[in-house]
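Written out below as structure tokens is the structure these notes cover.
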Amino acid sequence: MAFTNVPLRRAIPAGISAFLIQYAVVFVLFGSQVSSLLQAKTIELGYGSGSKSILELIGGSPLPWKMAGWMLHSGHGVNLIVRLSNYGKSTEINLVALAGGWAQTLYLLPPVVLFVAGYLVARTSRTYGAHGDDYAGASIALSYGLCYFVSGFVFMVDANSARADPNMYTGLYLGCLIYPLAFGWFGGRVARLRAKSSGESAAESACN
């Protein structure tokens, strides 16, 4: 089995740390800015109701730590869904795309952090088999995916007959699976190639 000997003692904390590091970066850089983005974004309600800003529709002032979570999910390519039960409609927005400019560098944050996490797990663990390092790097998906999935519910806001939360349908395969598996695996692969080029195995590097 491919994942029989994955280094879970290192992979699980690495996946959790990768998620928390990204969240901390987004919160520090954008935690206080998301509200202004939502204030500027309006929705046409129809039926003579005019338009209102998303911020007004979801209660005026969601907690900054939740809005930072929406930004983090948007960095994974996962949109924020705003459902308006009173008006029978919903809309999706990607906050990173809405912010534009240098904020779009957030699209690079998940790949870079997950690559580094996968690389470190593979380089510091005893692995087995020809592709052991690859599997070790990809194994960060176990804890990272769980953190990502749970956060989708933690960051939900339900107020004033409107609900806002990340789109967990796309989040399940992007944030929970594709991102951590692909970039964690890539980090493990680079660790294996580096170990091979230096004439050592990952197991040997883990013991040094």
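Quick notes
- Using R0 = 22 Å, the C-beta based FRET efficiency linking residue 8 and residue 178 works out to 0.60.
- Simple Cβ-charge dipole of the chain, Lys/Arg +1 and Asp/Glu -1, about Cα centre, in debye nearest 20: 260 debye
- Highest GNM mean-square fluctuation among 78, 150, 190, for the chain modelled with Cα contacts below 10 Å: 150.
- Ordering 69, 57, 84 by the projection of their Cα atoms onto the charge dipole of the range 1-113, which places +1 on the Cβ of Lys and Arg and -1 on the Cβ of Asp and Glu, puts 69 at the extreme positive end.
- Taking other C-beta atoms within 10 angstrom as a stand-in for reagent exposure, 43, 58, 140 fall in the order 43, 58, 140, fewest first.
- Theoretical gain in end-to-end length, residue 169 to residue 56 [0.36 nm per residue, Cα-Cα removed]: 38.1 nm
- Between the residues 172, 159, 98, the greatest Cα displacement towards the positive end of the dipole of the chain, with unit charges on the Cβ of Lys, Arg, Asp and Glu, is found for 172.
- Taking a point 7 Å out from the Cα of residue 194 in the direction of its Cβ, the residues of the range 107-122 whose backbone N falls within less than 14 Å of it are 113-122.
- Selection among 33, 125, 135 by position relative to the dipole of the chain gives 125 as farthest towards the positive end (Cβ unit charges, Cα centre).
- Positive minus negative residues near residue 153 (Lys, Arg vs Asp, Glu; Cβ under 14 Å): 0
- Using the Cβ-Cβ distance between residue 21 and residue 159 with R0 = 25 Å, the FRET efficiency computed as 1/(1 + (r/R0)^6) comes to roughly 0.25.
- Take each peptide in 96-103, 31-38, count the other Cβ atoms within 10 Å of every residue, and average; sorted highest first, the result is 31-38, 96-103.
- Relative intensity, log₁₀ I(q)/I(0), of the range 8-197 from a Debye sum that treats every alpha carbon as a point, q = 0.11, 0.12, 0.19 Å⁻¹: -0.52, -0.59, -1.14
Just so you know, all these numbers are worked out from the coordinates, no wet-lab data involved. All values derive from a computational prediction rather than experimental measurement. A quick note on method: Cβ atoms are made from the backbone with ideal geometry, for glycine too, and the neighbour counts reach across all protein chains shown.
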